[in-house]
1. What pairs can you find where one residue is in the stretch 124-146 and within 23 Å of S98 (Cα to Cα), the other is modelled with pLDDT of 90 or more and assigned to a loop (DSSP other than H, G, I, E, B), and their Cβ atoms are less than 6 Å apart, with a gap of 6+ or different chains?
2. Considering only the stretch 88-103, I want to know if a residue exists there that is part of a loop (DSSP other than H, G, I, E, B), surrounded by 10 or more Cβ atoms within 10 Å (Cβ to Cβ), at pLDDT 70 or above and on the phi < 0 side of the Ramachandran plot.
3. When you look at I35, is it on the phi < 0 side of the Ramachandran plot, surrounded by 11 or more Cβ atoms within 10 Å (Cβ to Cβ) and either in contact with a strand residue (DSSP E or B) (Cβ under 9 Å, 6 or more places away or on another chain) or modelled with pLDDT of 75 or more (or both), yes or no?
4. Starting from the stretch 89-111, take each residue that is more than 15 Å from L127 (Cβ to Cβ) and list its partners that are surrounded by 12 or more Cβ atoms within 10 Å (Cβ to Cβ) and basic (K, R), counting only C-beta distances under 9 angstrom and pairs at least six apart or across chains.
5. Looking only at the stretch 106-119, count every residue that is modelled with pLDDT of 90 or more, of a type outside the set (D, E) and either in contact with an Asp or Glu (Cβ under 6 Å, 6 or more places away or on another chain) or in a loop (DSSP other than H, G, I, E, B) (or both) and tell me the total.
Amino acid sequence: MDNKIKISIVFPVILIIILILIANSIHFKGKFSEIEMQTLKFKPSGIMLKQRESAQVSADLKSPIDFTHVGSQGLFPTVALDTLAPQAGGGLSLIVISGKSRMAIIKGVVVKEGDSIDGVKIVRIELDRVLLKDKTTQWLYMEKIK
């Protein structure tokens, strides 16, 4: 065999062996921090769970929500809203507008814009009237109660 052929066969093999030895001798530092390494080693089986205990509630516990308003002296009606507004012939008896919230009592039912009552959709609630729509469109006005 010719020396050139021997060298062309042996040289790549020797080169690969040298590269493998160099790669094994180099130790790359990980790009993970110590905390990240601990996270990678985490196993859920090592978690110790405590038995749940029942909570003790004292009798004088108060609500964390303050329902009082300025000038209201903390008093709210204890009766249903539709009993406060007397029924006016089964029509519109009360309109409440607070910010973006708009509600009305129609035929004793509390409704808001978008609701339906007796197949009629509540389209809009204004200060003194409610727009109803089914096949036709009509305004329902507040009735005066004597």
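1. That search, which allows pairs on different chains as well, returns I125/E113.
2. yes
3. It is false that I35 is on the phi < 0 side of the Ramachandran plot, surrounded by 11 or more Cβ atoms within 10 Å (Cβ to Cβ) and either in contact with a strand residue (DSSP E or B) (Cβ under 9 Å, 6 or more places away or on another chain) or modelled with pLDDT of 75 or more (or both).
4. Once the first residue is more than 15 Å from L127 (Cβ to Cβ) and sits in the stretch 89-111, its partners that are surrounded by 12 or more Cβ atoms within 10 Å (Cβ to Cβ) and basic (K, R) give G90/K107; G91/K107.
5. The total comes to 1.
The values are calculated or read from the model by the stated rules, or taken from the named source; none is laboratory data. Here the structure is a predicted model, which means the values were calculated and not measured. So basically every Cβ, Gly included, is an ideal-geometry build from the backbone, and we count neighbours across all protein chains shown.
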